[in-house]
Each structure stands twice: as C-alpha cells, then as structure tokens.
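Engineer: Please find one structure pasted underneath; my questions will follow.
The values are calculated or read from the model by the stated rules, or taken from the named source; none is laboratory data. Remember, predicted model here, so these are calculated numbers, not experimental data. Neighbour counts run over all protein chains shown; Cβ positions are idealised from the backbone, glycine included.
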Amino acid sequence: MGSLHFLSDDINLAYIMEVKAEDGEVEPKQKKIGQIVSDLVGKNEFIRPDGELFVHRKLVSHASDGAIKTNMSLLWQALIQSKKEAIGHAANSYLSVTVGDLTNSAKLPDDQLVRTWKEKTEEILFPHTWPIYCIDELRSDSKFRLSKPSFGAPYTIFPIASDYAAAIVTGFIKIHYRLNTNAITRSLRDAGLEAKCFLGDYRNPGGQLLDSKRSAYFQVQRGAITLNIHALPVEQLLFEGLPLEDLVASVISQCEAEEKQREKSPNYGKQNVRRFHSMSTYTSMEAVRATSLAYIFSELWQQNQFVCLALTIFQQRCKATYRGALHLYLLEATNLLTANLPAKEEAEQKEHKE
Amino acid sequence: MAINQVQREMQLQFHPEQIKAFENIETLIEEVRRCREPIQYRTVQQHLGEYIEHADNTAEEASSRLKLIETHLRRLPYNKNVIDRQSAQKKLEQDKEQADLERERYRRLGRQYRSIGDAMAWQLYGFRALPIYALGLNASPGPISQSKKRGADAEAKKVDELWDEYQAFALRHDYTNLLRVWDLSIFYPMTLT
C-alpha cells in the first residue's frame with residue numbers, strides 16, 4: 001500500500017493511493033510513475049526516464065472585458081438548431097460543428113436528413129464561412145472521440161444540460177467536427193512563425209512522415225527553434241472549444257521559453273534530439289468546464305430560447321457570462337441518421353439493374 | 001459503411017440497455033453536478049459502481065463465450081459427433097456474432113458510464129487540467145475483470161475504511177477512463193470544502 005501527497009500551486013489537492021490485495025509493497029516502477037505525477041502537479045515539470053525535461057505551462061487567457069474566450073458557442077448554436085431541425089450547424093472561420101439529433105430525426109424525411117448531413121459534413125464550405133480555402137481538412141466526430149477516451153475533457157463536463165451531455169455520451173446525439181488546417185497555419189504565420197501542416201505530406205504519392213512526426217499535426221519554426229504541435233492541443237481546438245488565438249499564444253510562449261533556455265545553455269539543442277517538452281493548459285478552458293456545474297435544472301430553462309447565466313464559480317477566480325440553451329426532450333427511437341443510406345443505395349442499384 | 005455494419009450499429013444504438021443507459025447517465029450527470037460534500041460523491045460512486053461492474057462483468061462473460069464458440073468453430077471439422085456440419089457451423093457463427101455484439105455493447109456501456117467517473121474526477125480536482133493529464137500518463141488498465149477481482153475488492157475495502165475513519169472520499173480510478181496512475185484519489189473533507 002502506498003500513498004503520495006499531491007501538492008499544487010496554492011492548495012493541497014489530494015492524495016493518490018496504490019492499493020494492494022495483500023499487504024505488499026508498491027513496485028518501484030509504480031512508485032516512479034507516482035513520483036512523476038507528483039512532480040508534474042507540484043513543480044510543473046519532471047525529468048522523463050530518457051533524461052528530457054517535460055514542462056507544464058498555464059496560459060491565462062481572458063478577453064479584455066473579463067469574458068472567457070471559447071468556441072463552445074458553436075456547439076450550443078448547433079445543438080439548438082438540431083432540436084428544431086434534427087441537424088444543426090454552426091461555424092467560424094476555422095471550425096465547423098454539425099450536430100445530428102437521433103432523438104429528433106423524424107422531423108425531416110430520411111433522404112433530406114441524409115442530404116443535409118452530407119452537405120454539412122462533407123461538402124466544401126463557402127468563403128463566407130471559411131474565407132481561407134482549405135486543402136487539408138481535419139475531420140472527426142463524437143463517436144470516434146468516445147471510442148478512444150484519452151486526455152480530453154469528457155462531454156459530461158461540457159457546459160451543456162445533462163440530457164444533452166447524456167445523449168452525446170450514449171450516441172443519440174452525434175457531433176461532427178471539421179477543422180480548417182490552412183486557417184490554423186495562416187494564423188501561426190501571421191504571428192511570425194513559419195508553420196507547416198503535416199496532413200499535406202499524406203497527399204503526396206507515397207508520402208510518409210518520420211516516426212517522430214507521425215503523431216504531430218503541425219510544425220512551427222522561429223529562428224533556431226522548431227516545435228511539433230501534437231494531438232492534445234489540436235484535439236482541444238477541434239472538440240473542446242479552445243480558441244485559435246489561445247493555441248497560437250501558447251505556441252509563442254513555448255518558443256520564447258525554448259529561446260530563453262538556449263540563451264542559458266549555449267549547447268542546448270545542438271544534438272538532433274528534443275531536449276524540452278512542453279504541455280499547455282488554458283485557464284479559459286478550465287473556467288468553461290467549471291460552468292458545467294450550473295447546467296442542472298433543465299426545468300428552469302425555457303425551451304428553444306437563449307438564456308443568459310451569470311456565474312461566479314471556480315474558487316471565485318473565474319467570472320464568466322455565458323449564453324446557453326437547454327431543452328427537455330423525449331426519447332424517440334428513430335432511425336439512425338445515416339443508417340438508411342447504404343441500404344437505400346443498394347436497393348436503388350438493385351432496382352436499376354432489374 | 002457496409003449494410004451489416006449499419007445494422008450492427010443500429011442494434012447497438014437502439015438496444016434497450018443503451019436506451020436505459022441514456023436515462024441512467026443523465027441522472028448520474030445531474031447527481032455529480034449537485035455534489036459538494038464527500039457523502040454526495042460517495043453516494044454517486046456507489047450508484048456508478050453498480051452500473052460499471054454490471055457492464056464489465058457482462059462484457060467479460062460475452063468475451064469468454066466468444067472464445068469458447070471460436071474454439072468450437074475451429075474444432076468443428078474434426079468433431080465426429082456432429083452429423084450436420086453445415087447447420088452446426090451456421091448456428092455457431094450466429095452465436096459468435098451475438099456474443100461479439102454483446103461484448104461490444106457492454107464495453108461501450110462501460111466506457112459511457114466511466115465518463116461519469118471522469119466528470120467526478122474533473123470536478124474533484126477543481127476542473128484543473130494538469131492533475132487530470134498527469135494522472136493519465138499511463139496505459140489504460142482496461143475493464144475490471146475476474147482476474148482483477150481481488151484487487152478491486154481491496155480497493156472497495158480501502159474506500160470504506162477511509163470513509164469510516166476520516167469521512168474522506170476516495171475516487172476509484174477504475175471507475176474512470178482518464179485516471180490511470182495508481183488506484184485511488186483521496187479527498188479529505190477539508191480539501192473539498
């Protein structure tokens with residue numbers, strides 16, 4: 001049996017404990033990983049087993065009026081529309097969110113439902129939505145995300161009503177995401193970085209990436225500093241409402257930290273290995289998640305209307321004003337959104353042959 | 001998506017257990033969001049534990065059944081006691097498909113219910129991403145199987161001991177998808193308030 005005290009920047013958070021069936025000792029390997037967790041949480045860094053430094057950075061980001069920046073409003077808009085029309089869609093200049101509500105799909109005829117879903121999730125978005133033409137689009141959906149739970153924030157802590165969250169988790173509401181990687185690259189370049197999206201490499205015949213880059217989506221360069229942007233921030237951008245400006249700010253902050261590190265030790269980075277790894281967390285995202293606590297009493301909310309909430313939570317450190325909407329709905333077992341399509345196509349083909 | 005894949009998806013999505021899980025998960029989310037005191041968290045974890053253990057046990061049973069059917073299928077050509085091999089094979093293949101579907105259904109349900117444990121974890125850690133990410137720096141332990149039963153029982157016992165002695169709430173990492181380092185996160189009443 002082993003336990004470890006978890007120290008944070010300002011409060012003692014918790015103990016973690018390893019429990020053994022018989023009064024045995026915690027194995028050295030387990031002790032080591034427990035210590036890594038404690039160091040990362042308490043000191044914001046740890047030395048990896050390969051000797052490289054892993055550092056955590058917290059990016060404080062709020063708009064000048066104190067409001068929290070987030071793209072969560074896209075999800076809200078799409079959810080509300082899906083309640084009325086079975087399929088809802090909202091987009092900004094780099095992210096497109098489409099919501100399909102299976103509990104509500106009887107509102108549209110099957111063929112229209114499928115057509116609308118395909119249009120929103122597959123067809124090119126016009127320049128009034130995505131002013132930057134997108135060659136390499138990153139697409140994913142809630143089903144894929146739920147099948148591979150990893151670091152990401154679960155839908156159960158999204159600031160949406162519990163019935164919506166439950167419907168997403170159980171697959172009765174499906175969310176489709178599209179990310180304009182060209183817009184991301186442009187933003188990084190506008191911030192003074194040389195940027196490249198790796199998705200393009202797969203387009204070249206026989207195009208492959210080096211092993212070290214396979215898990216990365218973007219690469220940025222500033223002077224002698226080269227950084228790969230891996231899945232975690234990209235997933236936050238795609239799924240969790242992280243605004244692009246926060247991602248760019250965290251990349252710049254990481255470049256600056258590496259530059260300082262190089263100034264301190266001149267030999268730093270001379271070898272062909274990365275010496276320094278960084279992970280960013282965003283106060284805006286944490287505050288957005290904390291507001292989920294307010295989304296309880298569905299009956300207090302009016303159907304199909306935006307409701308303003310003023311909240312002071314999260315240890316009184318984050319103030320946020322949110323617009324959200326909640327609806328009560330009954331579960332209707334209806335057809336899967338795209339379920340009829342292949343069957344229908346096959347039937348049509350058969351009919352055609354006959 | 002092939003037609004049988006679509007049919008499979010529909011069978012999974014609109015199965016009564018999945019529809020029931022939707023209702024249960026909605027209730028559990030509300031319960032978690034109302035939690036402020038250790039006793040409230042403890043109650044939710046007890047409810048959650050019943051659902052997760054049911055899902056994991058059923059998935060494991062289906063998995064064992066699947067393995068057994070696969071063995072029968074492999075041995076079928078050499079089984080002299082079978083008279084009508086064709087119909088026996090058809091029956092076994094149907095059973096295999098059914099067991100596979102059931103295993104997938106309950107694995108999914110296990111993941112879905114564990115997202116409630118994830119919500120508890122985020123909430124208990126004050127919605128701070130760092131402890132959650134740090135405690136995720138490990139391989140997933142997977143569902144609670146019979147082989148891990150002794151460990152799971154020891155954890156349950158420890159959770160009760162901590163409650164009885166200190167009124168401390170111990171979140172079981174096995175009830176989450178995200179927490180993968182060590183077994184319990186223990187929150188004493190002072191830290192929660």
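Engineer: I'm trying to understand the selection: among the residues of region B:16-41, which are touching a residue at least 12 places away in the same chain (Cβ under 8 Å), in contact with a helix residue (DSSP H, G or I) (Cβ under 6 Å, 6 or more places away or on another chain) and either among the aromatic types (Phe, Trp, Tyr) or more than 10 Å from chain A (Cβ to nearest Cβ) (or both)?
Structural biologist: Scanning region B:16-41 gives a single hit, B:Pro38.
Engineer: Still on this model: Could you tell me whether any residue of region A:200-221 is at pLDDT 85 or above, under 15 Å from the mean Cα position of the chain (by Cα) and more than 21 Å from A:Ala90 (Cα to Cα)?
Structural biologist: Of region A:200-221, the ones at pLDDT 85 or above are A:217-221.
Applying the additional criterion that residues be under 15 Å from the mean Cα position of the chain (by Cα) yields A:217.
Adding the requirement that they be more than 21 Å from A:Ala90 (Cα to Cα) leaves A:217.
Yes, there is a match, as at least one residue in region A:200-221 is at pLDDT 85 or above, under 15 Å from the mean Cα position of the chain (by Cα) and more than 21 Å from A:Ala90 (Cα to Cα).
Engineer: I need the full set of residues from region A:90-124 which are among the aliphatic types (A, V, I, L, M) and modelled with pLDDT of 90 or more, in order please. Don't jump to the end; show me each part of the working.
Structural biologist: Step one: of region A:90-124, the residues among the aliphatic types (A, V, I, L, M) are A:90-91, A:95, A:97, A:99, A:102, A:106, A:108, A:113-114, A:124.
Within region A:90-124, A:Ala90, A:Ala91, A:Leu95, A:Val97, A:Val99 qualify.
Every residue, every condition in (1) more than 26 Å from B:Thr27 (Cβ to Cβ); (2) at the interface with chain A (Cβ under 8 Å from one of its Cβ atoms), yes or no:
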site: B:His54; (1), (2): no, no
site: B:Ser87; (1), (2): yes, no
site: B:Ala129; (1), (2): yes, yes
site: B:Ile132; (1), (2): no, yes
site: B:Gly151; (1), (2): yes, yes
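Here is a yes/no grid of residues against (1) under 12 Å from the mean Cα position of the chain (by Cα); (2) surrounded by fewer than 22 Cβ atoms within 10 Å (Cβ to Cβ):
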site	(1), (2)
B:Ala99	no, yes
B:Arg103	yes, yes
B:Arg111	yes, yes
B:Asp118	no, no
B:Tyr125	no, no
B:Ala129	no, no
B:Leu135	no, no
B:Gln146	no, yes
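Engineer: Just the residues that are more than 7 Å from chain A (Cβ to nearest Cβ) and of a type in the set (D, E, K, R), please, taken from region B:153-174.
Structural biologist: B:Asp153, B:Lys157, B:Asp160, B:Glu161, B:Asp164, B:Glu165, B:Arg172, B:Asp174
Engineer: Could you grab me the full set of residues in region B:172-193 that are outside any helix (DSSP H, G or I), under 15 Å from the mean Cα position of the chain (by Cα) and of a type in the set (Ser, Thr, Tyr)? Walk me through how you get there before you give the answer.
Structural biologist: Going through region B:172-193, the residues outside any helix (DSSP H, G or I) turn out to be B:172, B:176-188, B:193.
Narrowing further to those that are under 15 Å from the mean Cα position of the chain (by Cα): B:172, B:176-180.
Once the filter is applied, which keeps residues that are outside any helix (DSSP H, G or I), under 15 Å from the mean Cα position of the chain (by Cα) and of a type in the set (Ser, Thr, Tyr), region B:172-193 yields only B:Thr176.
Engineer: Quick one: what pairs do we get from region B:91-113, first residue at the interface with chain A (Cβ under 10 Å from one of its Cβ atoms), second buried (at least 20 other Cβ atoms within 10 Å of the Cβ) and outside any helix (DSSP H, G or I), C-beta under 6 Å, 6+ apart or different chains?
Structural biologist: Pairs that qualify, where the first residue is at the interface with chain A (Cβ under 10 Å from one of its Cβ atoms) and the partner is buried (at least 20 other Cβ atoms within 10 Å of the Cβ) and outside any helix (DSSP H, G or I), are B:Gln112/A:Thr170.
Engineer: Among the residues of region B:112-149, which ones are outside any helix (DSSP H, G or I), of a type in the set (A, V, I, L, M, F, W, C) and over 19 Å from A:Val19 (Cα atoms)?
Structural biologist: Scanning region B:112-149 gives a single hit, B:Phe127.
Engineer: I'd like the residue in region B:1-40 that is under 21 Å from A:Tyr164 (Cα atoms) and of a type in the set (A, V, I, L, M) and, out of all such residues, is modelled with the lowest pLDDT.
Structural biologist: First pass over region B:1-40, keeping only residues under 21 Å from A:Tyr164 (Cα atoms): B:9-10, B:12-35.
This time we only want the ones that are of a type in the set (A, V, I, L, M), so: B:10, B:12, B:19, B:21, B:25, B:28-29, B:32.
Details: B:Met10: 86, B:Leu12: 92, B:Ile19: 93, B:Ala21: 97, B:Ile25: 97, B:Leu28: 97, B:Ile29: 97, B:Val32: 96.
The extreme case among them is B:Met10.
Engineer: What is the number of the single condition among (1) within 14 Å of another protein chain (Cβ to nearest Cβ); (2) modelled with pLDDT of 90 or more; (3) surrounded by fewer than 21 Cβ atoms within 10 Å (Cβ to Cβ) that A:Arg186 does not meet?
Structural biologist: (1)
Engineer: Having 3 or more residues that are in contact with a helix residue (DSSP H, G or I) (Cβ under 6 Å, 6 or more places away or on another chain) and within 21 Å of B:Glu26 (Cβ to Cβ) is the bar; report the helices (runs of 4 or more DSSP H) wholly within region A:99-179 that clear it. If you could, list the steps in order and put the result at the bottom.
Structural biologist: Details: elements: A:110-122, A:142-147, A:162-169.
The qualifying helices (runs of 4 or more DSSP H) are A:162-169.
Engineer: Residues that are without any contact (Cβ under 8 Å) to a residue 40 or more places away in the chain: find the strands (runs of 3 or more DSSP E) completely inside region A:12-93 holding 3 or more of those.
Structural biologist: Details: elements: A:12-18, A:45-47, A:53-59, A:87-91.
Counting at least 3 such residues, we get A:12-18, A:45-47, A:87-91.
Engineer: Among the numbered criteria (1) out of contact with any helix residue (DSSP H, G or I) (no Cβ under 7 Å at 6 or more places or on another chain); (2) closer than 23 Å to B:Glu60 by Cα; (3) at the interface with another protein chain (Cβ under 7 Å from one of its Cβ atoms), which one does B:Asn177 miss?
Structural biologist: With respect to (1) out of contact with any helix residue (DSSP H, G or I) (no Cβ under 7 Å at 6 or more places or on another chain); (2) closer than 23 Å to B:Glu60 by Cα; (3) at the interface with another protein chain (Cβ under 7 Å from one of its Cβ atoms), B:Asn177 is out only on (1).
Engineer: Kindly provide the set of residues from region B:148-193 that are of a type in the set (A, V, I, L, M, F, W, C) and exposed (fewer than 12 other Cβ atoms within 10 Å of the Cβ), ordered by number. Give the steps one after another, and end with the answer.
Structural biologist: So in region B:148-193, the residues of a type in the set (A, V, I, L, M, F, W, C) come out as B:152, B:154, B:156, B:159, B:162-163, B:168-171, B:178-179, B:181-182, B:184, B:186-187, B:190, B:192.
Within region B:148-193, B:Met190 is the sole residue that qualifies.
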